[in-house]
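Visitor: The structure follows.
The values are calculated or read from the model by the stated rules, or taken from the named source; none is laboratory data. Predicted model, so just to flag it, every value in this text is computed and none were measured. Note: ideal-geometry Cβ built from the backbone for every residue, glycine included; neighbour counts use all protein chains shown. Each accessible area value is taken on the protein alone, full model and side chains, heavy atoms only, with ligands, DNA and RNA left out. Shrake-Rupley method; radii C 1.70, N 1.55, O 1.52, S 1.80 Å.
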Amino acid sequence: MSVILNVSMIEKYYGNRDSITKALDNISFEVEEGEFVGIMGPSGSGKTTLLNCISTIDSVSTGHIYLHHQDITHMKRKALERFRREQLGFIFQDFNLLPSLNGYENIALALTIQGSAPADIHARIHAIAQRLKISDILNKYPQQMSGGERQRIACARALITQPSLILADEPTGALDSKNSRLLLETMEQMNEEYRSTIMMVTHDPFSASYTKRILFIKDGKIFNELIRGSDSRKE
Ligand code: ADP
Ligand code: ADP
């Protein structure tokens, strides 16, 4: 196993001289390739800030984050954009699918932008669609899909570029329990069959039960860590 992500002594402050919030307080941890890591903690504890720092959407105040041994906290903007496009996959609560494109086109978009050949795109989408059981919704537009269908299309979109790391922020937040389960099973499949490394922020114990390791955050610090066996799924 090799370390894919190394978060080293990061701190994040928001605000100005009059009012400073320390959102992250000296956080360090490593993630190995193929892990499915959960980040849990109460509201305001710093979960989203941590994920945003790893995704480079937000910048750290101090400390370093290395992905594949490359320091992503000190990259130029062009390189960052490229890094995000090529190395990261995102799954958010609000799906972010483009309404004017159907499922297939939404999934294809990143590859199309990269200039992949249509035949290659076609083959990759069909392979993923079969695995994630979304072949019959590829022709639908987002407004014709259920929330769960949209979220599974978003999973396929996150996966299609074969990113090193998939970041998910409360991905089941807008889903009912049946669709939550389907999404989590999809993510589990992404992790087990595609060996995708996933980090998922959640406050939901059921979602967390799909992860194999959980970092608990409180007041911007990691205060506990749980590594689970393979058959400890909550029902
Ligand atoms: P969580 O995701 O665990 O709910 P957040 O990472 O959103 O927590 O927030 C951590 C802390 O940082 C909170 O105190 C929050 O108010 C603060 N915070 C988050 N984003 C900002 C921001 N853009 N500006 C100022 N404070 C922020
Ligand atoms: P094959 O390569 O197997 O002959 P097609 O090229 O006809 O198949 O496409 C098969 C499936 O690919 C269709 O059922 C459809 O789901 C999907 N597909 C291909 N292109 C698109 C597109 N632009 N929009 C939606 N679905 C598409």
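Visitor: Within segment 35-45, which residues are open to solvent by 10 Å² or more (accessible area, probe 1.4 Å) and either within 6 Å of ligand 1 (Cβ to nearest atom) or over 13 Å from the mean Cα position of the chain (by Cα) (or both)?
Guide: Scanning segment 35-45 gives Met40, Gly41, Pro42, Ser43, Gly44.
Visitor: Find the residue count for segment 45-91, including only residues that are out of contact with any Cys (no Cβ under 9 Å at 6 or more places or on another chain), among the hydrophobic types (A, V, I, L, M, F, W, C) and in contact (Cβ under 8 Å) with a residue 60 or more places away in the chain.
Guide: Residues meeting the conditions: 6.
Visitor: Check Ala174, Ala154 and return the single one that is in contact (Cβ under 8 Å) with a residue 12 or more places away in the chain, part of a loop (DSSP other than H, G, I, E, B) and either within 21 Å of Asp204 (Cα to Cα) or acidic (Asp, Glu) (or both).
Guide: Details: Ala154 fails: part of a loop (DSSP other than H, G, I, E, B).
Of Ala174, Ala154, the one residue that is in contact (Cβ under 8 Å) with a residue 12 or more places away in the chain, part of a loop (DSSP other than H, G, I, E, B) and either within 21 Å of Asp204 (Cα to Cα) or acidic (Asp, Glu) (or both) is Ala174.
Visitor: The conditions are (1) part of a helix (DSSP H, G or I); (2) touching a strand residue (DSSP E or B) at 6+ places or on another chain (Cβ under 7 Å); (3) of a type in the set (S, T, N, Q), and Thr112 fails exactly one of them. Which is it?
Guide: Evaluating Thr112 over (1) part of a helix (DSSP H, G or I); (2) touching a strand residue (DSSP E or B) at 6+ places or on another chain (Cβ under 7 Å); (3) of a type in the set (S, T, N, Q) leaves (2) as the failure.
Visitor: Which residues, counting only those in segment 26-72, are of a type in the set (S, T, N, Q) and closer than 18 Å to Leu88 by Cα?
Guide: Result: Thr48, Thr49, Asn52, Ser55, Thr56, Ser59, Gln70.
Visitor: Regarding segment 17-29, can at least one residue be identified that is of a type in the set (D, E, K, R), open to solvent by less than 30 Å² (accessible area, probe 1.4 Å) and more than 21 Å from the chain's Cα centre (by Cα)?
Guide: yes
Visitor: To continue, here is another question. Within segment 178-206, how many residues are hydrophobic (A, V, I, L, M, F, W, C) and out of contact with any Leu (no Cβ under 9 Å at 6 or more places or on another chain)? Write out each step before concluding.
Guide: Within segment 178-206, the subset hydrophobic (A, V, I, L, M, F, W, C) is 182-184, 187, 190, 198-201, 206.
Keeping just the survivors that are out of contact with any Leu (no Cβ under 9 Å at 6 or more places or on another chain) gives 184, 187.
Result for segment 178-206: 2.
Visitor: Shifting gears a bit: Within segment 195-205, can one find any residue that is more than 16 Å from ligand 1 (Cβ to nearest atom), over 15 Å from the mean Cα position of the chain (by Cα) and either more than 19 Å from Leu50 (Cβ to Cβ) or surrounded by 23 or more Cβ atoms within 10 Å (Cβ to Cβ) (or both)?
Guide: The answer is no; no qualifying residue exists.
Visitor: Working carefully through the options Ile107, Ile137, Ile125, Ile153, find the one that is more than 10 Å from ligand 2 (Cβ to nearest atom), of a type in the set (Val, Ile, Thr) and touching a helix residue (DSSP H, G or I) at 6+ places or on another chain (Cβ under 7 Å).
Guide: Ile153
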